[in-house]
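*Asks:* Handing you a structure now.
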Amino acid sequence: MPDVVARPIDETARARLVAGGVDPRLARLFAARGVTDVAQLSPALPGLVPPERLGHAAEAASLLADAIDAGQRILIVADYDADGATACAVGLRALRAMGAAVDFLVPDRFRFGYGLTPEIVRLAAGRSPHLLVTVDNGIASVDGVAEANRLGMRVLVTDHHLPGADRPDAACIVNPNQEGCGFPSKHLAGVGVIFYVMTALRAELRRRGRFAGRAEPNLGALLDLVALGTVADVVRLDANNRILVAQGLARIRAGECCAGIRALLAVAAREPRRAGVYDLGFVVGPRLNAAGRLEDMAIGIECLATDDPGVAMRLAGKLDALNRERREIEAGMQESALAMLSGVDPGEGWSLTVHRPEWHAGVVGLLASRLKDRFHRPVFAFAAEADGRLKGSGRSIAGLHLRDALDLVAKRAPGVIERFGGHAAAAGATLAPGQLEAFGAAFESVARELLSPADLEQRIETDGELGPGDMTFEFAAELRRHVWGQGFPEPRFAGRFAVESQRVVGLSHTRLALALGARRVTAMRFGEAGPFPAAIDAVYRLDVNEFNGAETLQLVIEHWSPEKKGTVPGNRPL
């Protein structure tokens, strides 16, 4: 049973926020998330870190401006996830608006794998580009960049992944995480990096007089795409990323988003004017990712790049169908994985490495995420390739930096991993044939070295108890107006409720009528049909339920246990 604990609060920061005019309830939430000054809460664009602080962005701008001035062909090489797709769409739209001759190429993950590989470079060469621009990849593409150089193509790398030991010999590299880059927001997604490069390019073209006598491109119109890629890639929502997401959501809610995002919301029956982070991360993002997982991310990129509403709707419908297929595949894989692990006590191991020959390579990352959540262990799930290699995706818990762990595995078990890359929380790896057992043993050894027993104890952090007077629609609507997400979690509260009634809806969900003193509220527990006892200790979030045009308060229960004597651990009222 997970421990339920309250987030620690910097009381000095909370008092400073209240003194600055922040609602005391919100001040407590923000202080618990590291906000120390009112200025950190402003969603205004002037609060963004300026492009000049992003290392080598000015050099990238000069490289691109030279190509535009010379009429050279530019080819964007994208990644096949939502971050890569939105980054590609941002690059296409911005470069075209600035007069570039630009097209894109996205690798088929099943034929070519990830990144700017030599095979992809040779494929790109068939289009005779002068300049290759990577988005959301390239920092590890040492061999691919070398092949591009050999074939006479220059390469501009824009990426945000952690660099490896060797640096590609590109004409320019823009990555906030490379050595020597002083950009303070190290959590930019790939789409954020290319957006900054496009901003620097516009400034460079302005300096060259390119816009004399005509309007400059409005790059703010691309912020809906930046917001989508930032949320979908689950990067930390630091102050800079929160501004990017808030501005993008504002455009979507105002009906000013691109045709592709509007269409993807429409096929999911979501209204743009009510769009929030949830819609980007769990509605639009998965539909976009489904193309890269099951078929061809070019479908997603074309959906985001078109201005034709009819084309966008046709492509969004295809993405929606692929997402339904993805869910079915994932459900089957999860069932087989849990059956395989049914006799395994996760307490015996500090990590999980799983594989089945029939698993789909495009869905192993989602499976790893589900297993990580279920067992609270770092997980790698692998699918087989035709040549006997295993391609896997991993997800980690707090306390284990996954890319660093893979680096240790590669050094201690030479020949097991052929290539790897990623972040602290998510990474990918390709194993040489017959090396699954060796990888599992080495990964387990590294996990035991880097983790502590406390790291394996699952904890649910809350923001304490919410008084009955604050359990209102108005407060729920106020919370909804702010940007929450990875590293800046949406508020969760803990409380003890009497269960006055309950009924199953939609086969596997439960609608409950709860009582907290004299306060009566409606709640939903998704994915569980009950029955629930007469009283429960619950962790929940405030939600605005929309039905038949009406909006009402609803609690969404995320964890519960039968009522226990004493207080819920760590609870304090707002």
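The values are calculated or read from the model by the stated rules, or taken from the named source; none is laboratory data. None of the values given here were measured: they were computed from a predicted structure. When we count neighbours, we look across all protein chains shown, and the Cβ atoms used for this are built from the backbone with ideal geometry, even at glycine.
*Asks:* Restricting attention to the range 281-290, does a residue exist that is more than 13 Å from the chain's Cα centre (by Cα) and in contact (Cβ under 8 Å) with a residue 24 or more places away in the chain? Before the answer, list the steps.
*Replies:* We begin by selecting, within the range 281-290, every residue more than 13 Å from the chain's Cα centre (by Cα); these are 287, 290.
Pick out the ones that are also in contact (Cβ under 8 Å) with a residue 24 or more places away in the chain and you get 287, 290.
Yes: one or more hits.
*Asks:* When the range 437-462 is examined, which residues are found to be among the polar types (S, T, N, Q) and either without any contact (Cβ under 8 Å) to a residue 60 or more places away in the chain or in contact with a Lys or Arg (Cβ under 6 Å, 6 or more places away or on another chain) (or both)?
*Replies:* Of the residues in the range 437-462, the ones among the polar types (S, T, N, Q) are 445, 452, 458, 462.
If the condition is that a residue be among the polar types (S, T, N, Q) and either without any contact (Cβ under 8 Å) to a residue 60 or more places away in the chain or in contact with a Lys or Arg (Cβ under 6 Å, 6 or more places away or on another chain) (or both), then Ser445, Ser452, Thr462 are the ones that fit.
*Asks:* Of the residues that sit in the range 265-276 and are part of a helix (DSSP H, G or I) and in contact with an Asp or Glu (Cβ under 8 Å, 6 or more places away or on another chain), which one is nearest to Arg480 (Cα to Cα)?
*Replies:* If we filter the range 265-276 for residues that are part of a helix (DSSP H, G or I), which is where we start, we get 265-267, 272-274.
Restricting the remaining residues to those that are in contact with an Asp or Glu (Cβ under 8 Å, 6 or more places away or on another chain) gives 265, 267, 274.
Numbers: Leu265: 18, Val267: 23, Arg274: 10 Å.
Only one residue tops the list, namely Arg274.
*Asks:* Do we find that Thr472 is in contact with an Asp or Glu (Cβ under 8 Å, 6 or more places away or on another chain) and outside the structural domain of Arg167 (by TED's automatic domain parsing) in this structure? Step through it out loud before you land on a result.
*Replies:* On the way: in contact with an Asp or Glu (Cβ under 8 Å, 6 or more places away or on another chain): no; outside the structural domain of Arg167 (by TED's automatic domain parsing): yes.
Answer is no for this residue.
*Asks:* Collect the residues in the range 217-255 that are over 19 Å from Ala94 (Cβ atoms) and touching a Phe, Trp or Tyr at 6+ places or on another chain (Cβ under 7 Å), keeping them in residue-number order.
*Replies:* Listed by number, the residues that qualify are Leu237, Arg242.
*Asks:* Let me ask another. Confirm whether Ala58 is hydrophobic (A, V, I, L, M, F, W, C), crowded, with 18+ Cβ neighbours inside 10 Å, over 30 Å from Gln458 (Cα atoms) and outside the structural domain of Glu558 (by TED's automatic domain parsing).
*Replies:* Numbers: hydrophobic (A, V, I, L, M, F, W, C): yes; crowded, with 18+ Cβ neighbours inside 10 Å: yes; over 30 Å from Gln458 (Cα atoms): yes; outside the structural domain of Glu558 (by TED's automatic domain parsing): yes.
Considered against the rule, which asks whether it is hydrophobic (A, V, I, L, M, F, W, C), crowded, with 18+ Cβ neighbours inside 10 Å, over 30 Å from Gln458 (Cα atoms) and outside the structural domain of Glu558 (by TED's automatic domain parsing), Ala58 comes out as yes.
*Asks:* Six or more apart or on different chains, Cβ atoms under 6 Å: show the pairs whose first residue is in the range 45-71 and within 10 Å of Ala100 (Cα to Cα) and whose second is surrounded by fewer than 18 Cβ atoms within 10 Å (Cβ to Cβ) and not aromatic (Phe, Trp, Tyr).
*Replies:* Ile68/Gly99
*Asks:* Would you call Gly434 in a loop (DSSP other than H, G, I, E, B) and either crowded, with 23+ Cβ neighbours inside 10 Å or touching a residue at least 40 places away in the same chain (Cβ under 8 Å) (or both)? Spell out the reasoning first.
*Replies:* Working: in a loop (DSSP other than H, G, I, E, B): yes; either crowded, with 23+ Cβ neighbours inside 10 Å or touching a residue at least 40 places away in the same chain (Cβ under 8 Å) (or both): yes.
Considered against the rule, which asks whether it is in a loop (DSSP other than H, G, I, E, B) and either crowded, with 23+ Cβ neighbours inside 10 Å or touching a residue at least 40 places away in the same chain (Cβ under 8 Å) (or both), Gly434 comes out as yes.
*Asks:* Within the range 383-392, track down each residue that is free of Cβ contacts under 8 Å to residues at least 40 places away in the same chain, more than 14 Å from Ser351 (Cβ to Cβ) and part of a strand (DSSP E or B).
*Replies:* Ala383, Ala384
*Asks:* Scan the range 212-222 and give yes if some residue there is within 15 Å of Asp159 (Cβ to Cβ) and either at pLDDT below 95 or touching a strand residue (DSSP E or B) at 6+ places or on another chain (Cβ under 7 Å) (or both), otherwise no.
*Replies:* Checked the range 212-222: no residue is within 15 Å of Asp159 (Cβ to Cβ) and either at pLDDT below 95 or touching a strand residue (DSSP E or B) at 6+ places or on another chain (Cβ under 7 Å) (or both).
*Asks:* Can you give me the number of residues within the range 393-409 that are among the aliphatic types (A, V, I, L, M), buried (at least 19 other Cβ atoms within 10 Å of the Cβ) and either assigned by TED's automatic domain parsing to the domain that holds Val142 or part of a helix (DSSP H, G or I) (or both)? Reasoning before the result, please.
*Replies:* Within the range 393-409, the subset among the aliphatic types (A, V, I, L, M) is 397-398, 400, 402, 405-406, 408-409.
From what is left, the residues that are buried (at least 19 other Cβ atoms within 10 Å of the Cβ) are 397, 400, 402, 405-406, 409.
Narrowing further to those that are either assigned by TED's automatic domain parsing to the domain that holds Val142 or part of a helix (DSSP H, G or I) (or both): 402, 405-406, 409.
Adding up the residues that qualify gives 4.
*Asks:* Working only within the range 511-548, note down all residues that are under 22 Å from Val5 (Cβ atoms), surrounded by fewer than 19 Cβ atoms within 10 Å (Cβ to Cβ) and at pLDDT 95 or above.
*Replies:* Once the filter is applied, which keeps residues that are under 22 Å from Val5 (Cβ atoms), surrounded by fewer than 19 Cβ atoms within 10 Å (Cβ to Cβ) and at pLDDT 95 or above, the range 511-548 yields only Ala535.
*Asks:* Anything in the range 286-309 that is over 18 Å from Arg270 (Cα atoms) and surrounded by fewer than 17 Cβ atoms within 10 Å (Cβ to Cβ)? List them, or say none.
*Replies:* Selection gives Asp307, Asp308.
*Asks:* Would you tally the residues in the range 410-424 being of a type outside the set (Lys, Arg) and either within 16 Å of the chain's Cα centre (by Cα) or outside any loop (DSSP other than H, G, I, E, B) (or both)?
*Replies:* Keep residues of the range 410-424 that are of a type outside the set (Lys, Arg), which gives 410, 413-418, 420-424.
If we keep only those that are either within 16 Å of the chain's Cα centre (by Cα) or outside any loop (DSSP other than H, G, I, E, B) (or both) too, we end up with 410, 417-418, 420-424.
Counting residues in the range 410-424 that are of a type outside the set (Lys, Arg) and either within 16 Å of the chain's Cα centre (by Cα) or outside any loop (DSSP other than H, G, I, E, B) (or both) gives 8.
*Asks:* Do any strands (runs of 3 or more DSSP E) entirely within the range 463-574 hold 3 or more residues that are β-branched (Val, Ile, Thr) and in contact (Cβ under 8 Å) with a residue 24 or more places away in the chain, and if so, which? Write out each step before concluding.
*Replies:* Numbers: elements: 493-505, 509-516, 519-525, 535-547, 550-562.
Filter on the range 463-574 gives 535-547, 550-562.
*Asks:* Looking at the range 370-398, which of its residues are at pLDDT below 90 and in contact with a helix residue (DSSP H, G or I) (Cβ under 6 Å, 6 or more places away or on another chain)?
*Replies:* Residue satisfying the conditions is Arg370 alone.
*Asks:* If we scan the range 63-79, do we find a residue that is out of contact with any Leu (no Cβ under 8 Å at 6 or more places or on another chain) and within 30 Å of Leu366 (Cα to Cα)?
*Replies:* Within the range 63-79, one or more residues are out of contact with any Leu (no Cβ under 8 Å at 6 or more places or on another chain) and within 30 Å of Leu366 (Cα to Cα).
*Asks:* It is to be established whether one or more residues within the range 253-260 are surrounded by fewer than 19 Cβ atoms within 10 Å (Cβ to Cβ), over 15 Å from the mean Cα position of the chain (by Cα) and in a helix (DSSP H, G or I).
*Replies:* Filtering the range 253-260 down to residues surrounded by fewer than 19 Cβ atoms within 10 Å (Cβ to Cβ) leaves 253-256.
Retained after the next criterion (residues that are over 15 Å from the mean Cα position of the chain (by Cα)): 253-256.
When the remaining residues are screened for being in a helix (DSSP H, G or I), the result is 253.
Yes; the residues of the range 253-260 include at least one that is surrounded by fewer than 19 Cβ atoms within 10 Å (Cβ to Cβ), over 15 Å from the mean Cα position of the chain (by Cα) and in a helix (DSSP H, G or I).
*Asks:* Failed condition for Arg122, given (1) modelled with pLDDT of 95 or more; (2) touching a helix residue (DSSP H, G or I) at 6+ places or on another chain (Cβ under 6 Å), with all others met?
*Replies:* Exception for Arg122: condition (2).
*Asks:* If I filter the range 465-510 down to residues being under 30 Å from the mean Cα position of the chain (by Cα) and of a type in the set (Lys, Arg), which single residue comes out as surrounded by the fewest Cβ atoms within 10 Å (Cβ to Cβ)?
*Replies:* That would be Arg481.
*Asks:* Would you check which residues across the range 10-41 are of a type in the set (Val, Ile, Thr), assigned to a loop (DSSP other than H, G, I, E, B) and over 26 Å from the mean Cα position of the chain (by Cα) and list them?
*Replies:* Looking only at the range 10-41, we keep the residues that are of a type in the set (Val, Ile, Thr), and these are 12, 18, 22, 35-36, 38.
Retained after the next criterion (residues that are assigned to a loop (DSSP other than H, G, I, E, B)): 22, 35-36.
Within the range 10-41, just Val22 meets the criteria.
Residue-by-condition table, conditions (1) assigned by TED's automatic domain parsing to the domain that holds Leu228; (2) under 20 Å from Ala424 (Cα atoms); (3) of a type outside the set (Asp, Glu); (4) at pLDDT 95 or above:
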position: Gly300; (1), (2), (3), (4): yes, no, yes, yes
position: Leu304; (1), (2), (3), (4): yes, no, yes, yes
position: Ile329; (1), (2), (3), (4): no, no, yes, no
position: Gly332; (1), (2), (3), (4): no, no, yes, no
position: Pro357; (1), (2), (3), (4): no, no, yes, no
position: Val364; (1), (2), (3), (4): no, yes, yes, no
position: Ala368; (1), (2), (3), (4): no, yes, yes, no
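*Asks:* Give the number of residues within the range 318-352 that are closer than 12 Å to Phe375 by Cα and not in a helix (DSSP H, G or I).
*Replies:* The number of residues fulfilling the criteria is 8.
*Asks:* Out of the residues in the range 13-30 that are of a type in the set (A, V, I, L, M, F, W, C) and closer than 17 Å to Glu465 by Cβ, which is surrounded by the most Cβ atoms within 10 Å (Cβ to Cβ)?
*Replies:* Step one: of the range 13-30, the residues of a type in the set (A, V, I, L, M, F, W, C) are 13, 15, 17-19, 22, 26-27, 29-30.
Pick out the ones that are also closer than 17 Å to Glu465 by Cβ and you get 26-27, 29.
Working: Leu26: 20, Ala27: 24, Leu29: 26.
Here the answer is Leu29.
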